[in-house]
Amino acid sequence: MITTRPGRPRTGRGSVGPDGLSRPTSAHQVAEYIRQLIFDNHLHTGDRVPQDEIAAELRVSRVPVREAVIALDREGWVTSEPHRGAFVNGLDENSTRDHYGMLGLLYGYAARRAAERGTDEDIAALEERHQALQAATDVDEFFDLNNAFLRTLLTMARSRRMTAMARVFTTNLVPGNFFAEVPGVMAVQMRGLRVVMKAVKNRDGMKAQQQLADIIGGQADNVVQLLKSRGLLAQ
């Protein structure tokens, strides 16, 4: 039974920057809510996910809750057992590191294609977003601006396939505002994006790719430490 609940999922916030790529669905919001329950230790490893209670709390049908559980099973947050329900897992370090490594490869490749395919007008628009991002001091504002910057890179890449892949791969392991939850990553992101922006302006796709892959892939260390501190990382 859930005795303490986080606030209901907000439609305007998600996970780390890339999670703002598409309009959230009910299932997306339910999944975010369940991740937050686990992340805040309201649901513990081995607990059965109370799907009926969650549906009632969020005032949704069982359908988006089932869809959310399927997504969380794919991500490793839960394991679904036929005729028994879904049970909370502890995340493992290898999967956590691989998640951010693959996310970095995807967005790094988007940065490369943005540098190669973007028009001068595209790069000017990206620079405007970058300047706003660098000036941000509020973590929520930075979260939104980082989302906008990464969405713009994807648009500049001009690849439907890449955009489709981003919708699948960009759900973060850390619910809520990634930059608020994970210590130190906002400053690292700011510094790294300055190098990415310079590379895109210089049409140096390979440098933009490597830098962004390194930034996002390197976040794994911070996330692993955070998950360990919360007792969420399986031994």
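The values are calculated or read from the model by the stated rules, or taken from the named source; none is laboratory data. Source: prediction; values computed, not measured. Virtual Cβ from ideal backbone geometry, glycine too; neighbours counted across all protein chains shown. Calculation scope for accessible area: heavy atoms of the full protein, side chains included, ligands and nucleic acids excluded. Shrake-Rupley method; radii C 1.70, N 1.55, O 1.52, S 1.80 Å.
Only one of 119, 155 is of a type in the set (Val, Ile, Thr), over 21 Å from residue 217 (Cβ atoms) and over 21 Å from the mean Cα position of the chain (by Cα); which? Talk me through it step by step, then tell me what you get.
On the way: 155 fails: over 21 Å from the mean Cα position of the chain (by Cα).
Selected residue: 119, the only one of 119, 155 that is of a type in the set (Val, Ile, Thr), over 21 Å from residue 217 (Cβ atoms) and over 21 Å from the mean Cα position of the chain (by Cα).
Only residues that are more than 27 Å from residue 116 (Cα to Cα), in contact with a Ser or Thr (Cβ under 9 Å, 6 or more places away or on another chain) and in a loop (DSSP other than H, G, I, E, B): list them for the stretch 157-188, please.
172, 173, 174, 175, 176, 177
Any residue in the stretch 217-225 that is under 17 Å from the mean Cα position of the chain (by Cα), closer than 23 Å to residue 35 by Cβ and not in a helix (DSSP H, G or I)?
Scanning the stretch 217-225, I find no residue that is under 17 Å from the mean Cα position of the chain (by Cα), closer than 23 Å to residue 35 by Cβ and not in a helix (DSSP H, G or I), so the answer is no.
Of all the residues that make up the stretch 82-91, how many are surrounded by 15 or more Cβ atoms within 10 Å (Cβ to Cβ) and either without any contact (Cβ under 8 Å) to a residue 12 or more places away in the chain or not in a strand (DSSP E or B) (or both)?
Number satisfying all stated conditions: 2.
Does residue 191 satisfy the condition of being touching a residue at least 60 places away in the same chain (Cβ under 8 Å) and not aliphatic (A, V, I, L, M)? So that I can check it myself, show each step before the final result.
Details: touching a residue at least 60 places away in the same chain (Cβ under 8 Å): no; not aliphatic (A, V, I, L, M): yes.
Criteria not met by residue 191.
If residue 53 passes every condition in (1) touching a His at 6+ places or on another chain (Cβ under 8 Å); (2) open to solvent by 10 Å² or more (accessible area, probe 1.4 Å) but one, which one does it miss?
(1)
Just to be sure I understand, how many residues within the stretch 128-164 are free of Cβ contacts under 8 Å to residues at least 12 places away in the same chain, open to solvent by less than 20 Å² (accessible area, probe 1.4 Å) and over 18 Å from residue 183 (Cα atoms)?
Final tally of qualifying residues: 0.
In the stretch 196-210, what residues are assigned to a helix (DSSP H, G or I) and either among the hydroxyl-bearing types (Ser, Thr, Tyr) or open to solvent by 50 Å² or more (accessible area, probe 1.4 Å) (or both)?
Keep residues of the stretch 196-210 that are assigned to a helix (DSSP H, G or I), which gives 196-201, 205-210.
198, 201, 206, 207, 210, listed by residue number.
Quick check: anything in the stretch 107-123 within 30 Å of residue 230 (Cβ to Cβ), touching a residue at least 60 places away in the same chain (Cβ under 8 Å) and in contact with a Pro (Cβ under 7 Å, 6 or more places away or on another chain)? Steps first, answer last, please.
Going residue by residue through the stretch 107-123, those that are within 30 Å of residue 230 (Cβ to Cβ) are 107-108.
Filter again for touching a residue at least 60 places away in the same chain (Cβ under 8 Å), leaving 107-108.
In the following step, the residues that additionally are in contact with a Pro (Cβ under 7 Å, 6 or more places away or on another chain) were identified as 107.
The answer is yes; a qualifying residue exists.
In the stretch 165-188, what residues are free of Cβ contacts under 8 Å to residues at least 40 places away in the same chain and either touching a helix residue (DSSP H, G or I) at 6+ places or on another chain (Cβ under 8 Å) or buried (at least 18 other Cβ atoms within 10 Å of the Cβ) (or both)? It would help to see each step written out before you state the result.
Let us first name the residues in the stretch 165-188 that are free of Cβ contacts under 8 Å to residues at least 40 places away in the same chain, namely 168, 184-185, 187-188.
Listed by number, the residues that qualify are 184, 185, 188.
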